[in-house]
Amino acid sequence: ACSNDSAGKSEATNEGNGNNESTDDEIVIRFSHVAPPHNVKGLAAEKFAELVAEKTDNKVKVEVYDSGQLYGDGEELDAILSGNVEMIAPSMSKLVQLDPRWQFIDLPYLFKDKHHLRDFFTSETAQSLLESEQLVNNGLIGLGFWENGFINFTNSQRPISSPEDLEGLTFRVQSGQLIEAKYNTVGANTATIAWAEAYTALQQGVADGAEVTPDQMDVGSFYEVLDYLTLSNHGRIDYAVIMNKDFWDTIPEDLRGQVSEALVEASEYQWGIAEENNQTSLEKLIDEGMEVIEPSEADREQFVEAFQPVYEEYRDVITPEIIDGIRDLE
Amino acid sequence: MKSLKKYWALMEDVLSGTFLVTGITLIFYETVMRFLFNSSKAWIGEVSIYLIIWGALFGIAVALRNKRHVQIDFLYDFLSPFYRRIVDLFSVSVGIIFCIFYIYYGGSLVMHNYQTGMSSMNASIPLWVVYLILPTSGILFCLRFIEQFIHAIRGEEINDDSTV
Amino acid sequence: MILLFSIFFILLLLRVPVAISLAVSSIIMLLQGNFNLDMFAHRMFSSLDSFTLMTIPGFVLAGVILAKGGITKYLIEAIRSWIAHLPGGLSVVAILACMFFASISGSSPATAAAVGAIMIPSMIKNNYSAKYSMGIVAAGGTLGILLPPSIALIMYGVIAQVSIGDLFIAGIIPGILLGLALVTVAIFFAWKNGYKSEGKSSWAERGKHSLKAIWGAFLPFIILGSIYSGVATPTEAAVISVFYALFVSVFIYKELLWKDVRPILVETINITSMIFLIIGAASLFSLYLTNEQIPQQLGQWIQDANMSKTLFFISTGILFFILGMFLDPISVIVITLPIFLPVLEVLDINSIHFAIVMTINIELAMITPPVGLNLFVVSSIARKKMGHAVQGVLPFMLVMVFVLIIIIAIPSISTWLPQFMK
Ligand code: NA
Ligand code: NA
């Protein structure tokens, strides 16, 4: 079985190098991601693989490598750049390394609701990011977006219903300068802590809180160690679906169209289960006895106001076109 | 020649030690700052990781000089001096081959990141600078292997006391 | 996979360093699979790019300072003043000193080296046999990676994405259990061989020695305390222990001088760089294996074969033992753990339990020839052949196997404390 596998892969790599002399050969897309198979991203990847097989009549095969088994969080971008996989779906903030404009995703209160977000997904602004010079010149092309959800403030100290409540708290973050700037703006601090250590750090008080989606809160069992959840919906965690462009261009046009169709369908499916999943998780968090705070519209305005300096600081980096382009969709 | 060797070793130690100590001290500083003033900066964590990796990778040449990369003498102990010399030449050559790969691909990673202009997540350091350690440490490592190769050709035994 | 392991072992036998053997055998295999090697250097770098891994140089440096700055010496003197007069007292002192040093240092050979440098010569001077003295320190030293902090458990946590804090806590009860088992064997042998005891210390001496040692005695509590009070992550705790040890050695014991700086740093670099190169090289090894889907196939195979947990523990135990005969502990973990992780899920084995079992397996490997790092250490201290150390360590090894079986059979020995702490 080993040798068959590697034979399959060499074909794929040959394809990637532009050797598409025969379209009878099966085209293999190696899709590497870091989520577990039963997670919404994992399910969507499987769905995408099924749809591609169905639509292309098995001429294109998607091999899904889940759980970071092939490449971890820090290396999948390099893996696709060097052509060792054809497709990844990293958290959007990862693309900041290539194109700083992607920091838009960390801007607080940029997206009003899910409709605003979905409008953005299909907008010209989104296209300009997915097919940007920075990506294309590096041999990448963005094909679409997958969701995780709206993030909320959660912590172990006190109910948060105004920006003042954030003052003095330390929030666990993954990484990112904008996020740090955001918390500093309201007098809070950040601690960069890896996901694997996050639970313990929150339990022991190395960090007081975190900003996560209900799904992440549930998966990480944060509800066991944190008491307060503010449904602030103040930011997003989402994924960009990225393909190796050299490889993408070698797929015959008809097949490429079918793969694109498959991705559109898989994405719609993904958005659906992501939303459902967050809903289920939220119910679980309430059942587990978390105190849920729902900020009023006036509260929300206060937060938006308080975070305004972040927009000013990052307007040049993210560019007015992107920020206004997204705002205008509201 | 003797003193050149001495200063070369000193340079290796200073390079490696400085980066390692700076990285560790930076983590300590960050810990103290967070504990006393509840203030922390993400870039410090990132920079301290890079500093320590730099120190450790500069150090692979130091560990080779001190014969501290774990080797297995199981077969070696049974061999006659003649065959030992052949085994020494072989193992050192494999080391040099590794270095060639490491330097070449490390270098091409630097070039690649120079072209794409990627930079680190928190401190925004250009990644090509961060990756410079790969070819650089590879060259230092390789020089130590070449030294051992010359020893082996001259028939001087490469002693090993690989303890940790 | 067979080809990969064959090349790897041939290189090893031809005295190519472990890290280079790992890297070169993987490169050869990856080249065959049309793999784009552009990633090779990046893979090595990114396998080191983790804040958690930075715990390793921290604890290594702390351990070196402990051994050279007087802390270890005074700790041993204190323990000695209390119990050296009892039958077999010095051998019990050796094990207790190992347990104490293990609670500060993350490495087994470092533990064996620090304690052995003081205890082996004094035991021999007091008419203990050299074999026995070497054996007890080599075995006691293995506690270095079971009692927290532990480089092995850090590596496990990094690869398996398990909290290092939880793993550290999980090691406490099994570590104490194993320590007590070793003490029992030591007392038995001392009684059987009629080893004399040292003269009894006066209460005044005991008080004086204990007072002097108290600075070092704080360290284990500072390390675990800072992690569990929320002051620090494990990495930060390691660094705190460095600066604390430095403070005590320089300002209180005044035994660390400027001339010691370079040897201390070089020793830290030797160990850290050796480990880091192995981690980087092993990441290439596991890259090839995952590329070939070996872990998944193994998981599938174990599922299809309906393998029981017991059989899995036995077969992995044998595998670790065989690999451990030739490899150092970090290599064993970085090579095998990625292969077994999917299997743990299939067999529903608690990953913290497996971590402890694996650690004890690896401890056994450190006292088995031909590559037993602790054996190297004690034989170089006693200036005796490694074979003597092997003979001396054998009885202790048997009791370790016995403890291992108990720990496999009763998972809660490993999992109870971390759960209780929550
Ligand atoms: Na330890
Ligand atoms: Na061994």
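The values are calculated or read from the model by the stated rules, or taken from the named source; none is laboratory data. Since the structure is predicted, the reported quantities are computational estimates derived from the model, not experimental observations. Note that we place each Cβ from the backbone using ideal geometry, even for glycine, and neighbour counts take in every protein chain shown. These area figures cover heavy atoms from the full protein model, side chains too; ligands, DNA and RNA do not enter into them. Shrake-Rupley method; radii C 1.70, N 1.55, O 1.52, S 1.80 Å.
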Output field shielding_mean for A:187-199 (other chain Cβ, 10 Å radius) holds 5
From the Cα centre of segment A:161-187 to that of segment A:278-311, the distance in Å is 14
Looking only at aspartates and glutamates whose Cα falls under 20 Å of B:LYS67's and that sit 8 or more positions away or on another chain, we get B:GLU12, B:ASP13, B:ASP77, B:ASP88, B:GLU147, B:GLU156, B:GLU157, B:ASP160, B:ASP161, C:GLU267, C:ASP328
With +1 on the Cβ of every Lys and Arg and -1 on the Cβ of every Asp and Glu, the dipole magnitude of the protein assembly as shown about its Cα centre, in debye rounded to the nearest 20, is 6880
When the charge dipole of segment C:17-421 is computed with +1 at the Cβ of Lys and Arg and -1 at the Cβ of Asp and Glu, the Cα pointing farthest to the positive end, of C:ILE410, C:GLY392, C:PHE276, is that of C:GLY392
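State the extension gain, in nm to one decimal, for the chain segment bounded by A:GLU131 and A:ARG327, taking 0.36 nm per residue of separation less the distance between their alpha-carbons.
Values: separation 196, 0.36 × 196 = 70.56 nm, distance 2.02 nm.
Fully extending the segment from A:GLU131 to A:ARG327 adds 68.5 nm.
Stretched out fully, how many nm does the piece from C:MET386 to C:TRP416 gain, at 0.36 nm a residue minus the Cα gap? Before the final figure, lay out each step's value.
Working: separation 30, 0.36 × 30 = 10.80 nm, distance 3.84 nm.
Using 0.36 nm per residue and subtracting the Cα-Cα distance, I get 7.0 nm.
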For C:ASP260, A:ASP25, the accessible-area ranking with a 1.4 Å probe, largest leading, is A:ASP25, C:ASP260
Taking the convex hull of the alpha-carbon atoms of the protein assembly as shown and averaging its shadow over every direction gives an area in square nanometres of 38.1
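Run the dipole for segment C:17-421 about the Cα centre, Lys and Arg Cβ at +1, Asp and Glu Cβ at -1, nothing else charged, and hand back the magnitude in debye, nearest 20.
On the way: 19 positive and 16 negative charges, 362 e Å.
My answer is approximately 1740 debye.
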Subtracting the Cα-Cα distance of A:ARG315 and A:LYS284 from 0.36 nm times their residue separation yields 7.4 nm
Label model pair A:GLU124, C:ILE28: point-to-point distance (7 angstrom along the Cα→beta-carbon line) in nm is 5.9
Expressed in angstrom and rounded, the centroid-to-centroid distance over alpha carbons for segment C:385-400 and segment C:1-15 is 28
For segment C:320-331, Karplus-derived ³J(HN,Hα) couplings (6.51, -1.76, 1.60; θ = phi - 60°; whole Hz; x for glycine and proline) come out as 4, 5, 5, 4, x, 5, 9, 10, 7, x, 4, 4
Taking a crude spin-label model, label points 7 Å out from Cα along the C-beta direction, the B:SER124 to A:ASP57 distance in nm is 5.3
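Based on the Cβ-Cβ distance from C:SER202 to C:ASN127, what FRET efficiency comes out when R0 is 35 Å, to the nearest 0.05? Could you put the intermediate results ahead of the total?
Values: r = 24 Å, r/R0 = 0.67.
With R0 = 35 Å, the Cβ-Cβ based efficiency is 0.90.
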Mean other chain Cβ within 10 Å across A:317-326 is 0
Whole-Hz Karplus couplings 3J(HN,Hα) for segment A:294-306, θ = phi - 60° and coefficients 6.51, -1.76, 1.60, Gly and Pro as x, run 9, x, 6, 4, 5, 4, 4, 4, 4, 4, 4, 4, 5
With Cα coordinates, the longest principal axis of chain C makes an angle with the long axis of helix C:39-48, in degrees rounded to 10, of 30
If each part is reduced to its alpha-carbon centroid, segment A:85-124 and segment B:36-99 end up apart, in Å, by 41
Rg/Rh of segment A:121-277 (Cα atoms, Kirkwood Rh), to two decimals, equals 1.07
Interchain or sequence-distant (5+) residues whose placed amide H lies within less than 5 Å of the amide H of A:ASN233 are A:PHE153
Toy charge model, Lys and Arg Cβ at +1, Asp and Glu Cβ at -1: segment A:167-259 dipole around Cα centroid in debye, rounded to 20, equals 180
Taking segment C:17-421, the lysine pairs whose C-alpha atoms sit under 17 Å apart (8 or more places apart or on different chains) add up to 15
Computed over chain C: longest principal axis from alpha-carbon atoms vs helix C:108-125 long axis, angle to nearest 10 degrees, is 30
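Roughly how crowded by other chains is peptide A:68-75, in terms of the mean Cβ count from those chains within 10 Å of each of its Cβ atoms? Kindly include the intermediate steps, with their values, before the conclusion.
Working: counts 2, 10, 4, 5, 7, 1, 7, 9.
Counting Cβ atoms of other protein chains within 10 Å of each residue's Cβ and averaging gives 6.
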Checking rank on A:41-48, B:100-107, B:75-82, with mean other Cβ inside 10 Å and highest first, the result is A:41-48, B:100-107, B:75-82
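Out of all DSSP beta bridges with both ends in the protein assembly as shown, state the antiparallel percent to the nearest 5. Display every interim value, and only then the final one.
Details: 21 of 38 bridges.
Percent antiparallel among DSSP bridges in the protein assembly as shown is about 55.
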Counting only residues 5 or more apart in sequence or on a different chain, those whose built amide H sits under 5 Å from that of A:GLU63 are A:ILE29, A:ARG30, A:PHE31
When the charge dipole of the protein assembly as shown is computed with +1 at the Cβ of Lys and Arg and -1 at the Cβ of Asp and Glu, the Cα pointing farthest to the positive end, of C:GLY207, A:PHE111, C:SER103, is that of C:GLY207
The farthest towards the positive end of the charge dipole of segment C:17-421, of the residues C:VAL93, C:PHE320, C:ASN361, given +1 on Cβ of Lys and Arg and -1 on Cβ of Asp and Glu, is C:VAL93
Along segment C:364-377, Karplus-curve 3J(HN,Hα) (6.51, -1.76, 1.60; θ = phi - 60°) to the nearest Hz, with x for Gly and Pro, reads 4, 5, 6, 10, 10, x, x, 9, x, 4, 5, 5, 4, 4
